[in-house]
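A short write-up of the structure that comes next.
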Amino acid sequence: MGYQENIRRVVPYVPGEQPKVTGDLIKLNTNENPYPPSPKVKQAIEALPVEEMRLYPDTTAAPLVKTLAAYYGLDPAQVFVGVGSDDVLATCFLTFFAGSRPVLFPDITYSFYDVWTALYHIPYETVPLTDDFHIRSADYMRPNGGIVIANPNAPTSMAEPLSVIEEIIRNNADSIVIVDEAYIDFGGETTLPLLKKYKNLVIIRTFSKSRSFAGMRIGFAMADASLIEALNNVKFSINSYTMNCTAIAYGVATVEDEPYFREMIGKIVKTREKTGAALSELGFTCLPSAANFLFATHQTVPADEIFTRLKKHNIYVRFFKKPRIDNYLRITIGTDAQMERLVEVLKEELCNI
Ligand code: PMP
């Protein structure tokens with residue numbers, strides 16, 4: 001007893017395994033980008049004097065905030081950056097969900113949401129997706145203390161049309177609606193144009209997927225200036241210096257390289273379509289993906305069996321032992337060569353079962 005009683009006990013989020021990438025290991029389990037960040041980052045590395053690191057970084061990460069605001073046609077007062085979108089989302093949960101009504105999010109979605117609700121003692125209710133994994137806007141027309149929607153959703157990979165998301169935002173003017181657009185650069189319609197219309201919308205984005213920067217940890221929120229101010233007040237109540245000077249400088253360099261960004265997205269989308277077709281020939285069904293991963297189930301072979309067999313070949317994918325989705329595998333889109341190898345191994349293994 002004693003101090004034991006004073007310890008905050010939480011069940012943490014469990015990220016996908018990060019095995020050492022050596023030799024023939026193919027890592028398709030955490031939706032990282034298989035291509036390197038923009039080559040412009042190399043110049044930013046050279047331009048950043050090490051001597052400057054003795055100083056604290058800009059508390060508002062102003063160069064990055066300004067660059068993002070200009071890129072998305074917003075005022076800098078409408079942008080908030082953090083240490084990956086997990087940091088931004090956690091700050092949003094802490095800032096925007098301080099009421100007593102339950103926060104709503106789908107039963108199948110990013111599994112960090114219920115970890116934050118537990119950590120911050122936020123009441124919540126999950127809303128079941130339809131049998132074919134769609135979000136039904138009518139299900140969100142009830143009293144609530146906030147709403148969180150990932151669009152495209154994870155791990156389903158499916159995007160809902162903007163009209164469905166807008167209906168949820170429009171009919172919940174008294175709630176803050178967070179739309180987590182971690183995967184939007186790979187497909188689906190962004191809610192960005194809706195920022196002009198709705199003051200209760202918060203859009204979350206990340207550099208981890210489409211900008212090949214999972215290791216740099218950059219995420220951001222876009223919303224009405226009053227909401228961004230509230231986020232900053234909470235952030236400045238915990239840690240003024242969340243963004244280090246390297247992340248700020250490299251982040252700016254990445255956003256400035258639009259042609260490279262478009263080219264990499266194009267490659268991944270093409271590989272996604274090719275891989276989906278190859279998997280369906282092997283007896284898989286993939287949900288329609290608007291993301292940089294596929295969510296696939298096999299007609300006859302259980303997902304956990306395939307997961308284990310792939311691992312023996314040093315191919316890592318993600319398997320969630322959770323109701324409704326425990327016969328699916330989430331497969332990140334890698335390079336063409338990696339996906340060809342995956343298909344080859346699957347072909348071989350499925351013949352042996
Ligand atoms: N949102 C969703 C839907 C995700 O899948 C992820 C990736 N795990 C994140 C947010 C967090 O990504 P990051 O912290 O790397 O920006």
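The values are calculated or read from the model by the stated rules, or taken from the named source; none is laboratory data. Please read these numbers as outputs of a predicted model, since none were measured by experiment. Neighbour counts are summed over all protein chains in view; Cβ atoms, including those assigned to glycine, are modelled from backbone coordinates with ideal geometry. Remember, those area values only see protein heavy atoms, side chains included, never the ligands or the DNA or RNA. Shrake-Rupley method; radii C 1.70, N 1.55, O 1.52, S 1.80 Å.
The set of residues in the range 165-181 that are outside any loop (DSSP other than H, G, I, E, B), of a type outside the set (D, E) and either free of Cβ contacts under 8 Å to residues at least 60 places away in the same chain or not assigned by TED's automatic domain parsing to the domain that holds F213 (or both) comprises I165, I168, I169, R170, V177, V179.
When the residues of the range 328-353 are narrowed to those that are open to solvent by 40 Å² or more (accessible area, probe 1.4 Å) and polar (S, T, N, Q), which ends up farthest from the chain's Cα centre (by Cα)? It comes out as N352. Comparison of Y71, Y56 shows that the only residue that is in contact (Cβ under 8 Å) with a residue 24 or more places away in the chain and closer than 27 Å to Y183 by Cβ is Y71.
Mind checking which helices (runs of 4 or more DSSP H) fall wholly inside the range 4-111 and carry at least 3 residues that are out of contact with any strand residue (DSSP E or B) (no Cβ under 6 Å at 6 or more places or on another chain) and under 30 Å from L194 (Cα atoms)? If you could, list the steps in order and put the result at the bottom.
Values: elements: 40-47, 62-72, 84-96.
Because the criterion is at least 3 residues that are out of contact with any strand residue (DSSP E or B) (no Cβ under 6 Å at 6 or more places or on another chain) and under 30 Å from L194 (Cα atoms), the helices (runs of 4 or more DSSP H) in the range 4-111 that meet it are 62-72, 84-96.
For the range 182-206, a residue qualifies if it is assigned to a loop (DSSP other than H, G, I, E, B) and open to solvent by 10 Å² or more (accessible area, probe 1.4 Å), and the qualifying residues are A182, Y183, G187, G188, E189, T190, K197, Y198, K199, N200. Within the range 94-118, take every residue that is open to solvent by 20 Å² or more (accessible area, probe 1.4 Å) and in contact with a helix residue (DSSP H, G or I) (Cβ under 8 Å, 6 or more places away or on another chain) and give me the one that is nearest to the ligand (Cβ to nearest atom). Only one residue fits best here, namely F112.
The residues of the range 169-187 that are away from the ligand (no atom under 14 Å from the Cβ) and under 14 Å from A221 (Cα atoms), listed by number, are I176, V177.
For the range 188-206, taking the residues that are of a type outside the set (V, I, T) and in contact (Cβ under 8 Å) with a residue 60 or more places away in the chain, the one that is nearest to the ligand (Cβ to nearest atom) is identified as R205.
Looking for whichever is outside the structural domain of A150 (by TED's automatic domain parsing) and touching a residue at least 40 places away in the same chain (Cβ under 8 Å) here; the options are R217, R272. Which one fits? Before you say what the answer is, go through the steps one by one.
Working: R217 fails: outside the structural domain of A150 (by TED's automatic domain parsing).
Exactly one residue qualifies, and that residue is R272.
Can you find even one residue in the range 40-61 that is modelled with pLDDT of 95 or more, within 16 Å of the ligand (Cβ to nearest atom) and within 14 Å of F220 (Cα to Cα)? Among the residues of the range 40-61, at least one is modelled with pLDDT of 95 or more, within 16 Å of the ligand (Cβ to nearest atom) and within 14 Å of F220 (Cα to Cα), which makes the answer yes. Residues of the range 207-225 that are in a strand (DSSP E or B) and more than 7 Å from the ligand (Cβ to nearest atom): F220, A221, M222, A223.
Could you go through the range 120-130 and let me know if any residue there is closer than 21 Å to S163 by Cβ, among the hydroxyl-bearing types (S, T, Y) and either outside any loop (DSSP other than H, G, I, E, B) or away from the ligand (no atom under 15 Å from the Cβ) (or both). Scanning the range 120-130 turns up at least one residue that is closer than 21 Å to S163 by Cβ, among the hydroxyl-bearing types (S, T, Y) and either outside any loop (DSSP other than H, G, I, E, B) or away from the ligand (no atom under 15 Å from the Cβ) (or both). If the condition is being open to solvent by 30 Å² or more (accessible area, probe 1.4 Å) and either within 20 Å of the chain's Cα centre (by Cα) or among the hydroxyl-bearing types (S, T, Y) (or both), then the range 251-301 contributes Y260, R262, G266, K267, V269, S280, T285, C286, P288, T300.
Name the residues in the range 233-245 that are open to solvent by 30 Å² or more (accessible area, probe 1.4 Å) and in a helix (DSSP H, G or I), would you? Hits for the range 233-245 are N233, V234, C245.
How many of the residues in the range 60-77 are under 13 Å from N232 (Cα atoms) and touching a Lys or Arg at 6+ places or on another chain (Cβ under 9 Å)?
Number satisfying all stated conditions: 1.
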